[in-house]
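The values are calculated or read from the model by the stated rules, or taken from the named source; none is laboratory data. Owing to the predicted nature of the structure, the values given are computational and were not obtained by experimental measurement. Because the Cβ atoms are built from the backbone with ideal geometry, glycine has one as well, and the counts that use them run over all protein chains shown.
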Amino acid sequence: ELKVEQNPLFLSMQEGKNYTIYCNYSTTSDRLYWYRQDPGKSLESLFVLLSNGAVKQEGRLMASLDTKARLSTLHITAAVHDLSATYFCAVRYSGGGADGLTFGKGTHLIIQP
Amino acid sequence: SQTIHQWPATLVQPVGSPLSLECTVEGTSNPNLYWYRQAAGRGLQLLFYSVGIGQISSEVPQNLSASRPQDRQFILSSKKLLLSDSGFYLCAWSHLAGDPYNEQFFGPGTRLTVL
């Protein structure tokens, strides 16, 4: 069974600081995704990472993937209040017939002015 | 461009009543379609996925069923709702083939409260 673990699950930080969210997964996968969810809203796709060593950046967010360690990170640089949201990583199981995603529990991020 | 619609946006239903949630996708053909549920304490869970009309795969045993009567329409149903069916139901789509990222795009969701 594929398991996806995120940490921390809750993070409160001040504007201007840097921080990293970690995502570990338990079995081989060929796709890793990061999504953002605002309160009461749906999921917005942030990044899709395919290969070992992949790094993608969008504004103050940067995601990376280490398939050997089965680890992805989402790094926040100089946080601003608008980045407050819940961030999910998700992994596509590549070993069986299922094509859906397995999600982590999410990291609830609050950025205070 | 592609868009995904879900309705209703919110729903309050009594225990034991039936359920029908609808999802439609515009601007693409032959998509993969998915139903997920986000419930307190249980995170985001894949319920069903479909690769074509009439083709449904269930990921977890439950009180729900899904159907795909048309290429871009996906329906989630129940004959008798349970309290544990409460949650935020999200429909998603992805390209069936030719997309190396196989990115899933989510609809706006339906918030279901069973009383």
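Annotations for the structure displayed:
- Only residues that are of a type in the set (G, A, S) and under 25 Å from A:T86 (Cα atoms) were counted in the stretch B:11-55, giving 4.
- If you go through the stretch A:1-27 and keep only what is assigned to a strand (DSSP E or B) and either among the charged types (D, E, K, R) or under 11 Å from the mean Cα position of the chain (by Cα) (or both), you end up with A:V4, A:E5, A:Q6, A:N7, A:T20, A:I21, A:Y22, A:C23, A:N24.
- Unmet criterion (only one of (1) surrounded by fewer than 19 Cβ atoms within 10 Å (Cβ to Cβ); (2) farther than 15 Å from A:M13 by Cα; (3) more than 10 Å from chain B (Cβ to nearest Cβ); (4) small (G, A, S)) for A:S72: (1)
- Test for A:G95: is it at pLDDT below 95, away from chain B (no Cβ under 14 Å), under 16 Å from B:L46 (Cβ atoms) and in a loop (DSSP other than H, G, I, E, B): yes
- All told, A:Y87 meets the bar of being surrounded by 14 or more Cβ atoms within 10 Å (Cβ to Cβ), within 13 Å of the chain's Cα centre (by Cα), among the hydroxyl-bearing types (S, T, Y) and within 14 Å of chain B (Cβ to nearest Cβ).
- Residue in the stretch A:33-46 that is crowded, with 21+ Cβ neighbours inside 10 Å, more than 12 Å from chain B (Cβ to nearest Cβ) and modelled with pLDDT of 95 or more present: no
- Hits in the stretch B:30-46 (condition: of a type outside the set (K, R) and in contact (Cβ under 8 Å) with a residue 40 or more places away in the chain): B:N30, B:P31, B:N32, B:L33, B:Y34, B:W35, B:Y36, B:Q38, B:A39, B:A40, B:L44
- Selected residue [outside any helix (DSSP H, G or I), crowded, with 20+ Cβ neighbours inside 10 Å and of a type in the set (A, V, I, L, M, F, W, C)] from B:L11, B:L21: B:L21
- Condition met for A:T102 (among the polar types (S, T, N, Q), closer than 22 Å to B:P100 by Cα and not in a strand (DSSP E or B)): no
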